[in-house]
1. Which residues, counting only those in the range A:47-83, are charged (D, E, K, R), over 15 Å from A:TYR107 (Cα atoms) and away from DNA strand D (no atom under 14 Å from the Cβ)?
2. If B:ARG139 meets every condition in (1) free of Cβ contacts under 8 Å to residues at least 40 places away in the same chain; (2) within 30 Å of B:ILE21 (Cα to Cα); (3) open to solvent by 50 Å² or more (accessible area, probe 1.4 Å) apart from one, which number is that one?
3. Run A:ILE112 past the list (1) assigned by TED's automatic domain parsing to the domain that holds A:GLY166; (2) β-branched (Val, Ile, Thr); (3) in contact with a helix residue (DSSP H, G or I) (Cβ under 7 Å, 6 or more places away or on another chain) and report the number of the one that doesn't hold.
4. Would you tally the residues in the range B:165-180 being more than 9 Å from chain A (Cβ to nearest Cβ) and in a helix (DSSP H, G or I)?
5. Return yes when B:TRP134 is out of contact with any His (no Cβ under 6 Å at 6 or more places or on another chain), within 10 Å of chain A (Cβ to nearest Cβ) and crowded, with 16+ Cβ neighbours inside 10 Å and no when it is not.
6. The conditions are (1) open to solvent by less than 30 Å² (accessible area, probe 1.4 Å); (2) away from DNA strand D (no atom under 11 Å from the Cβ), and B:GLU86 fails exactly one of them. Which is it?
7. Only one residue in B:ALA27, B:ALA15, B:ALA44, B:ALA23 is within 15 Å of DNA strand D (Cβ to nearest atom), modelled with pLDDT under 95 and out of contact with any Phe, Trp or Tyr (no Cβ under 8 Å at 6 or more places or on another chain), so which one is that?
8. Would you kindly identify the helices (runs of 4 or more DSSP H) lying entirely within the range B:39-128 that contain at least 2 residues that are touching a residue at least 60 places away in the same chain (Cβ under 8 Å)?
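The values are calculated or read from the model by the stated rules, or taken from the named source; none is laboratory data. Please read these numbers as outputs of a predicted model, since none were measured by experiment. Ideal geometry is used to build each Cβ from the backbone, glycine not excepted, and the neighbour counts take in all protein chains shown. Each accessible area value is taken on the protein alone, full model and side chains, heavy atoms only, with ligands, DNA and RNA left out. Shrake-Rupley method; radii C 1.70, N 1.55, O 1.52, S 1.80 Å.
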There are 2 protein chains.
Amino acid sequence: MPVSELGEKTTGKRADARKNIAAIVEAAISCLARDPDVSINEIAKAAGVGRVTLYGHFESRAALVGVVVEHAMQQTDEALDALDLEGDPRAALARLIDTSWQLTHRYGALVIAAEQALPPDQVREAHSKPIARWQRLLRRGRRDGAFRKDMPLDWQVSLIQAILHGASAAVHRGEITPEQAPALIRDTVLGALTPPSD
Amino acid sequence: MPVSELGEKTTGKRADARKNIAAIVEAAISCLARDPDVSINEIAKAAGVGRVTLYGHFESRAALVGVVVEHAMQQTDEALDALDLEGDPRAALARLIDTSWQLTHRYGALVIAAEQALPPDQVREAHSKPIARWQRLLRRGRRDGAFRKDMPLDWQVSLIQAILHGASAAVHRGEITPEQAPALIRDTVLGALTPPSD
DNA sequence: GATAACACGTACGCTGATGTTCGAGTACTG
DNA sequence: CAGTACTCGAACATCAGCGTACGTGTTATC
């Protein structure tokens with residue numbers, strides 16, 4: 001999964017410059033996902049590039065984070081757009097969960113980095129699209145009686161996010177393996193959304 | 001809920017000194033729970049005390065965080081020890097959830113502050129006691145058939161923690177009110193732990 | 001192969017936080 | 001009421017990260 005398109009950030013630049021920019025973004029993703037407080041220095045080093053070179057391509061830390069977030073959001077949208085969310089709501093939810101898990105685990109703590117480097121409205125705006133997807137699917141499932149209706153929709157969305165991030169943390173802690181995570185999350189979320197029998 | 005006992009931190013000190021120490025710890029709790037990266041300055045100001053005075057009582061930021069964590073753990077233990085966890089596992093779990101919710105919401109992000117100011121083993125050790133309580137109860141409920149057994153116990157514990165923290169964040173975000181939170185969490189967790197019908 | 005674009009290291013100034021020191025004032029304690 | 005424990009603010013040293021400037025190489029590109 002190479003850094004495919006970075007807007008007009010690369011047009012007209014030299015080949016090695018493009019390669020370095022890609023390496024920087026790639027390194028920033030993996031560094032920020034692990035620790036949202038990494039220094040620019042470490043990101044540059046992880047990209048195999050001098051700190052000054054990095055500043056040649058990105059005006060500031062905020063600018064870099066912005067590009068990274070944008071890139072992550074684009075990847076996310078692409079992956080989610082490819083999903084079929086029709087048919088049985090529970091099966092559709094399972095598919096959405098599996099893909100979201102990959103993305104959450106990969107981009108991990110990037111949200112936190114975004115929160116403290118970007119204006120709040122930009123963060124909210126980046127969140128809104130994926131959130132809407134969950135909302136749509138949950139609403140449909142509630143109509144069909146597949147999901148419980150006795151709690152706020154927004155809470156259920158937040159719940160799913162919390163479980164995804166919790167699972168990511170659990171994997172990093174070594175509590176569960178990356179292999180068993182998807183099935184575990186799927187069963188857990190479906191269990192939490194199943195209407196109570198009584 | 002005054003800061004009751006702070007070890008031998010206060011013995012032999014003057015009355016106003018004791019009062020200030022208590023105010024500092026109290027302020028540190030509420031500040032760190034909101035933002036784990038607050039400066040010492042802000043904590044001192046929130047306590048109505050000069051920064052220098054704070055350093056007169058606590059050697060360093062780490063020392064302060066250490067005392068705060070210790071104090072929080074003590075409060076936690078006290079509150080949880082007072083609970084009756086016998087009888088119907090689901091009812092007992094509901095009680096444990098309600099109390100844990102209060103504590104989680106109050107101490108919030110303090111864990112994060114601890115993680116980056118204290119040695120890792122001290123953090124782990126502080127976590128172990130409450131975790132064991134969840135484990136014990138869940139194990140008993142699994143034997144009784146009250147909770148599902150088809151996922152690792154540790155995952156279920158992590159899940160509960162994730163839900164509690166997620167709910168706290170949701171309240172801070174204004175998504176749900178503090179009043180509706182306990183019932184919501186209770187229903188959600190019980191739903192997630194209920195054995196699947198098929 | 002000439003040239004412009006790029007990478008690199010070093011060094012510098014800036015900021016914000018931490019922790020310390022000092023001198024002087026204030027208030028608890030016996 | 002005397003002495004001492006404590007508080008306070010200001011000032012200082014330190015450190016780490018950010019962002020910039022400069023001079024010197026390298027290397028893609030035409």
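1. Taking the range A:47-83 as the starting set, the residues that turn out to be charged (D, E, K, R) are A:51, A:59, A:61, A:70, A:77-78, A:81.
Subset that is over 15 Å from A:TYR107 (Cα atoms): A:51, A:59, A:61, A:81.
A:ASP81 - this is the single residue of the range A:47-83 that is charged (D, E, K, R), over 15 Å from A:TYR107 (Cα atoms) and away from DNA strand D (no atom under 14 Å from the Cβ).
2. Condition not satisfied by B:ARG139: (2).
3. For A:ILE112, the failing item is (3).
4. First, the residues of the range B:165-180 that are more than 9 Å from chain A (Cβ to nearest Cβ): B:168, B:171-172, B:174, B:177-179.
Then keep just the ones that are in a helix (DSSP H, G or I); that gives B:168, B:171-172.
Qualifying residue count for the region: 3.
5. Details: out of contact with any His (no Cβ under 6 Å at 6 or more places or on another chain): yes; within 10 Å of chain A (Cβ to nearest Cβ): no; crowded, with 16+ Cβ neighbours inside 10 Å: yes.
In short, no.
6. Evaluating B:GLU86 over (1) open to solvent by less than 30 Å² (accessible area, probe 1.4 Å); (2) away from DNA strand D (no atom under 11 Å from the Cβ) leaves (1) as the failure.
7. Working: B:ALA27 fails: modelled with pLDDT under 95; B:ALA44 fails: modelled with pLDDT under 95; B:ALA23 fails: modelled with pLDDT under 95.
Of the residues listed, the single one that is within 15 Å of DNA strand D (Cβ to nearest atom), modelled with pLDDT under 95 and out of contact with any Phe, Trp or Tyr (no Cβ under 8 Å at 6 or more places or on another chain) is B:ALA15.
8. Details: elements: B:40-46, B:51-57, B:61-81, B:89-107, B:110-115.
Passing ranges, in order: B:61-81, B:89-107, B:110-115.
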